[in-house]
Amino acid sequence: MLNALLFDCDGTLADTERHGHRVAFNLAFEAAKLDWHWGEAEYGELLAVTGGKERIRHYLDRIGGSMTDAEVRALHQSKSEIFKSLAKSGEISLRPGVKRLILDAKREGLRMAIVTTTTEQNLHALLEAPFKGRANDYFELFAAGDVVEYKKPAPDIYLWAMEHMGLGPMQCLAVEDSQNGLQAAKHAGIESTLITYNDYTRLEDFNSASLVVDQLGNPDDPCRVQQGTISEIEFVSVSTLKQIHDQSVY
Ligand code: XBP
Ligand code: MG
């Protein structure tokens, strides 16, 4: 039986990458007097590496630069501060249907957690306005960032979250937007997976996902089903999730 929903953050709850993280990285580079600028297309390629510090390191390798670990940490800390103020300003809104689904899932007694690569404070900044400072009422766990050594596509953050919730993979459904996230969930043994892709991830390989949609959707803003056995839906509801879970697990 479906017991818990494990939500990815970036790209899934909100389109944070293009207008949030990317902008914050660039402002942090400027503040550090670095002549780096990550354009939208280049950032799309850099997203192959999850984790901000890891992404900076990857970029340094690419351009043949070098920085100490402390310098990378400081640059990333400055980027996180900028991201938090962008998120708190309410400029990065949740994707269509996200709040509706979370409210419905709570009403129906499903347990929920966030399972993400990003820094935990970013999550709280992003969720503060939409959940009026009460995100803790909906999510019992925020599994984030550096609590595990290896980030997605490694399964570690999902395994960490399930261990802390006392759940097995057959009781969970993962909601993700990227192939890295899908692989992390699958390698953690989670069979039922929903992909809500976005402009950065729409061409990625989601063959192993249970259901792939362009967004969760709402009654007045329908979703488009790209892959899966359920096609006649206007929007993703709790009953859609229960159905794909039953099909995937049994
Ligand atoms: C998204 C990421 C993160 C963000 C940046 O992961 O890869 O690295 O781009 O966040 P997910 P930080 O979709 O799993 O949330 O700079 O805080 O690492
Ligand atoms: Mg994501």
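Worth pointing out:
- Residue selected from segment 103-117 under the condition surrounded by 22 or more Cβ atoms within 10 Å (Cβ to Cβ) and not in a loop (DSSP other than H, G, I, E, B), by the criterion farthest from ligand 1 (Cβ to nearest atom): A113
- E176 meets each of the listed conditions (1) of a type in the set (D, E, K, R); (2) away from ligand 2 (no atom under 16 Å from the Cβ); (3) buried (at least 17 other Cβ atoms within 10 Å of the Cβ) apart from (2).
- Segment 1-35 - residue that is away from ligand 1 (no atom under 11 Å from the Cβ), outside any helix (DSSP H, G or I) and of a type in the set (G, A, S) and, of those, nearest to E163 (Cα to Cα): A4
- Summed over segment 53-85, the residues that are surrounded by 13 or more Cβ atoms within 10 Å (Cβ to Cβ) and either in contact (Cβ under 8 Å) with a residue 60 or more places away in the chain or part of a loop (DSSP other than H, G, I, E, B) (or both) give a count of 3.
- Criterion applied to E140, E120 was being surrounded by fewer than 18 Cβ atoms within 10 Å (Cβ to Cβ) and within 16 Å of ligand 2 (Cβ to nearest atom), and the one residue passing it is E120.
- Given (1) within 14 Å of L5 (Cα to Cα); (2) out of contact with any Leu (no Cβ under 8 Å at 6 or more places or on another chain); (3) within 16 Å of ligand 2 (Cβ to nearest atom); (4) not hydrophobic (A, V, I, L, M, F, W, C), number of the condition Q183 does not satisfy: (1)
- One residue alone among G90, G97, G109 is under 19 Å from the mean Cα position of the chain (by Cα), at pLDDT 95 or above and among the small types (G, A, S), and that residue is G97.
- Cross-chain or 6+ apart pairs with Cβ under 8 Å, segment 162-182 first and under 19 Å from T240 (Cβ atoms) and in a helix (DSSP H, G or I), then of a type in the set (A, V, I, L, M) and at pLDDT below 95: M170/V249; Q171/M1
- Test: L34 is of a type in the set (A, V, I, L, M) and surrounded by 17 or more Cβ atoms within 10 Å (Cβ to Cβ): no
- R55 vs. criteria under 21 Å from A154 (Cα atoms), touching a helix residue (DSSP H, G or I) at 6+ places or on another chain (Cβ under 7 Å) and at pLDDT 95 or above: yes
- Enumeration of residues in segment 184-216 that are over 13 Å from the mean Cα position of the chain (by Cα) and within 21 Å of H19 (Cα to Cα): D199, R202, L203, E204, D214, Q215, L216
- N3 vs. criteria in contact with a Cys (Cβ under 9 Å, 6 or more places away or on another chain) and away from ligand 2 (no atom under 16 Å from the Cβ): yes
- Taken together, the criteria exclude V148 from residues that are crowded, with 16+ Cβ neighbours inside 10 Å and touching a Leu at 6+ places or on another chain (Cβ under 6 Å).
The values are calculated or read from the model by the stated rules, or taken from the named source; none is laboratory data. On a predicted model such as this, the values are computed, not experimentally measured, just so you know. No Cβ is skipped: glycine too gets one built from the backbone with ideal geometry, and neighbour counts run over all protein chains shown.
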